[in-house]
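Here is the structure we will look at, set down as structure tokens.
The values are calculated or read from the model by the stated rules, or taken from the named source; none is laboratory data. Owing to the predicted nature of the structure, the values given are computational and were not obtained by experimental measurement. Note: ideal-geometry Cβ built from the backbone for every residue, glycine included; neighbour counts use all protein chains shown.
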Amino acid sequence: MALRTPLLRYPSPDGAEFYLKPECLQPIGSFKLRGAYNKISSLSAAERKRGVIAHSSGNHAQGVAFAARALGVKATIVVPGNIPQIKLNATRSYGADVVLVGPASAERISRAEELAAQHGWVPVPPYNDEKIIAGQGTIGLEILEDLADAGLVLAPVSGGGLISGISVAIKLTNPSAKVVGVEPELAADAQASLRAGKRITFPAEQVSRTIADGLRTSPVGELPFAHMQRFVDDIVTVTEDEIRQAMRLVLYNAHIVAEPSGAVAPAAFLFHRTELPRARKVVAIVSGGNAAPEMLSTVLGAAQ
């Protein structure tokens, strides 16, 4: 179902070994297919017959819709009204029913819980679930299969499912490797949470201002946070301008399209190397490539 994505060597002027893991090449354009398929495929026949319900800021919606269609399961997805049109259209094209709510993570979660209780649908959480985390963790296993001596892995952080899965896979296989999360400054609730030792929630009005629409979830999930506290070495932040610059550089130099959320991890290496643990070989996850055409045009045009 999900592709085994390669490691792409990124040309670094100082000769550093920097690689991109292009999850933007997945059939739905993001890593979310891994966790969604792992979760839905693990359901019993009776559970599949009931149908599934999910909430998402965009890419998980597509993952659930795509996986549900492949497995013959009815899917309903709750998404924010400000979801990028390209993600909304894709989710519907895979056959899922879509319910629109406000921008806050809490609104999506609440509505999904209501619908699950009302119709008996099985929840497929975007991050706060062991099967979801395990599915995303296959990225970490693939990285070490291709680059056993990877010293540092950079991953974007939203609800925390991606980085918690990757960090477990990396650390339990190669404890000396470092795993660092990356967030937009406007949505740095995971960084604040890790440093405070408890989950911190940022207001929806603030996190919705970041161009990285896939990283607007706040707070991180309870289960992912427990994994992060144990296995993640640090979380750094990048600016909105750095995210845009990284999108351009990844396109020009690696010839792949990264949506803003997908450009966050590369941006950390490109602009904040002094804040990162020293490593001879570094891998950054390009988590998705579902960039709205009009937004991509604006970002590329700004460089002229």
- Residue within region 188-210 that is in contact with a His (Cβ under 9 Å, 6 or more places away or on another chain), in the same structural domain as THR138 (by TED's automatic domain parsing) and under 25 Å from THR138 (Cα atoms) present: no
- Query: How many residues does region 13-34 contain that are out of contact with any Phe, Trp or Tyr (no Cβ under 8 Å at 6 or more places or on another chain), modelled with pLDDT of 95 or more and either assigned to a helix (DSSP H, G or I) or hydrophobic (A, V, I, L, M, F, W, C) (or both)?
  - Reply: 5
- Message: Tell me yes or no: at least one residue of region 161-176 is touching a Gly at 6+ places or on another chain (Cβ under 6 Å), touching a residue at least 60 places away in the same chain (Cβ under 8 Å) and farther than 25 Å from ALA268 by Cα.
- Response: no
- Could you please give the count of residues in region 191-222 that are acidic (Asp, Glu) and surrounded by fewer than 18 Cβ atoms within 10 Å (Cβ to Cβ)? 2
- Item | Subset of region 143-167 [surrounded by fewer than 22 Cβ atoms within 10 Å (Cβ to Cβ) and in a helix (DSSP H, G or I)] | LEU144, GLU145, ASP146
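What do you reckon, is VAL182 among the β-branched types (Val, Ile, Thr) and touching a Pro at 6+ places or on another chain (Cβ under 7 Å)?
Against the criterion (among the β-branched types (Val, Ile, Thr) and touching a Pro at 6+ places or on another chain (Cβ under 7 Å)), VAL182 qualifies.
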- Pairs where the first residue, in region 117-128, is closer than 24 Å to PRO219 by Cβ and the second is assigned to a loop (DSSP other than H, G, I, E, B), C-beta under 6 Å, 6+ apart: PRO126/SER56; PRO126/GLY159; TYR127/GLY159; TYR127/GLY160; TYR127/GLY221; ASN128/GLY221
- Within region 205-242, residues being of a type outside the set (Asp, Glu), assigned to a helix (DSSP H, G or I), more than 22 Å from LYS178 (Cα to Cα) and within 18 Å of the chain's Cα centre (by Cα) number 2
- Query: Within region 280-303, is there a residue that is buried (at least 20 other Cβ atoms within 10 Å of the Cβ) and of a type in the set (Lys, Arg)?
  - Reply: no
- Note on the structure: Within region 81-115, residues under 22 Å from PRO224 (Cα atoms) and aliphatic (A, V, I, L, M) come out as ALA104, ALA106, ILE109, ALA112
